Amino acid sequence: MDDPDHSRQVNTHVLNAILDTAKGRAIVASRDIYDERGIKLLAQHMPITPVLQERLLSLQLRHPLETCLRFEAPPDKG
């Protein structure tokens, strides 16, 4: 039987891979991040600091944290 909360659990392997790759690169929210009650915690495109990352991992989020992250685009070299 499927666990309804399973889809909200953090995939630690994916999250750790993102964070390892991110050393020296900025990570930002790829979407607005909400807690399980629907309270907006962070707006899309806002940076994810290590302190904020730990805080978000301690909360029940609407979507797993690793699905809400992306690398910030590097500046154009034009």
Test result for Ile33, modelled with pLDDT of 95 or more and buried (at least 16 other Cβ atoms within 10 Å of the Cβ): yes
Members of the stretch 36-69 that are touching a residue at least 40 places away in the same chain (Cβ under 8 Å), open to solvent by 90 Å² or more (accessible area, probe 1.4 Å) and either closer than 17 Å to Val14 by Cα or among the polar types (S, T, N, Q) (or both): Gln60
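The values are calculated or read from the model by the stated rules, or taken from the named source; none is laboratory data. From a predicted model like this one, the values you see are computed outputs, not experimental measurements. Here Cβ is always computed from backbone atoms with ideal geometry, including for glycine, and neighbour counts include all displayed protein chains. Heads up: the accessible areas ignore ligands, DNA and RNA and are worked out on the full protein's heavy atoms, side chains in. Shrake-Rupley method; radii C 1.70, N 1.55, O 1.52, S 1.80 Å.
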